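Single-structure report; data block below.
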């Protein structure tokens, strides 16, 4: 638990705008709003708050991330001057206590310093001093060696080392240690990547170009015999699987199978993997490891038929304000929309920084429990405005931006793009909630 002086100092930084104002620092922005309540006005109120927090019992914090403690010890030598050799904190150096702090919080704050979300404002002198210190942690792995998180940290203990993780982009010399320490398997795309991985002598996948002409090795199995590692997966990719019955589907399949069969005589454990979501649904009757992508999120894998999938991925946003606007009122940047009659308009806390395409301005929709509401005015970075006249919408209510009522493919069509781009464009600051069970 941090000392009272540090709590008071940070609360003052939030109150005067020196913290919680950096772009993308959503948690900081939330804290800044909370710090400005009238009950916290004045240093005496902050001292009282800190004193009360100081009465909380000290509890053992669980370990939630893992890392290389020995490597972290070496990195910590930079930190010890301000935070103490045992993390006890040094007030004279404005270094808060680290010992006993939750590991997930420390990792999160180190990343915020590294990304410029802390130490952003000129008035945050301590934060400005921290930023170059964190700069000595050259990458996320170095941060993780201080407190933990790795690529497998999201898996349960039973699965952490058993789940196979393939890295589709292959491998490069500078990341070899990461692959070995985290038990990652590369999909090798080029002769140079094969050469790099040969020093490791661990199983890998080979990616062949069977007709897409985008990425991959030539279909020449004789060139890949006698490699110093086992080949456990043959990978290729359909170019036109989203058009059921397209002639290239069978052409690619047959070419890939010829190469795969020749490869299997030398690598008997190798498996076959060619089908994406649309390929899996093409009923090719070929034993293989499918790579379902868009179908997992409920998007339509086909361009020329109805979506066979149920909706899965959803985006929701909350109403921040509801306003009654008279006729003739211009809304949003550029005043691109003007009300023609008295209109009830709701402002939602979501924008193009969260993945709502700007092209939806004036033509997208959201869905409330009482009905559909069209977007009016421009989609801005953090906000959208919708016409909720007659829908009885209130502040704090949630709206579906994409989901069962406003389908992923409908959003993509209105934004003149594809569902894949909508999904990959969802911003990192949106909270992810994963639900298990059967959709009813």
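Compared with the alpha-carbon gap, the fully stretched path from residue 420 to residue 372 is longer by 14.9 nm at 0.36 nm per residue. Please find the FRET efficiency linking residue 45 to residue 329, where r is the Cβ-Cβ separation and R0 is fixed at 51 Å, and quote it to the nearest 0.05. The calculated FRET efficiency here is 0.80.
Extension gain, residue 94 to residue 53: 0.36 nm times the residue separation minus the Cα-Cα distance gives 12.8 nm.
The range 401-427 and the range 197-231 have Cα centres lying 35 Å from one another. In terms of surrounding Cβ atoms within a 10 Å radius of their Cβ, 112, 363, 36 rank from fewest to most as 363, 36, 112.
At an R0 of 56 angstrom, the distance between the Cβ atoms of residue 129 and residue 244 translates into a FRET efficiency of 0.40.
In this label model, residue 395 and residue 255 are separated by 6.2 nm, measuring between points 7 Å along each Cα→Cβ vector. For the peptides 285-291, 79-85, 192-198, the ranking by mean Cβ contacts within 10 Å, running from highest to lowest, is 192-198, 79-85, 285-291.
Counting neighbouring beta carbons within 10 Å and listing from fewest to most, the residues 208, 229 come out as 229, 208. Using the average count of surrounding beta-carbon atoms within 10 Å as a protection proxy, the listed peptides 374-384, 330-340 rank, highest first, as 374-384, 330-340. Modelled spin-label separation between residue 223 and residue 115, with each label point placed 7 Å from Cα along the Cα-to-Cβ direction: 4.1 nm. The modelled label-to-label distance for the pair residue 81/residue 101, using points 7 Å beyond Cα in the direction of Cβ, is 1.8 nm. Could you let me know the centre-to-centre spacing of the range 8-72 and the range 301-322, using Cα atoms, in angstrom? Their Cα centres are 36 Å away from one another. Computing FRET efficiency as 1/(1 + (r/R0)^6) for residue 340 and residue 363, where r is the C-beta to C-beta distance and R0 is 22 Å, gives about 0.80. Note on 44, 436: ascending count of other Cβ atoms within 10 Å places them as 436, 44, the fewest first.
Throughout, read-outs are computed from the coordinates displayed, never taken from laboratory work. Everything numeric here is computed off the predicted structure, so don't read it as measured data. Methodologically, a virtual Cβ is constructed for each residue, glycine included, from the backbone with ideal geometry; neighbour enumeration extends over all protein chains shown.
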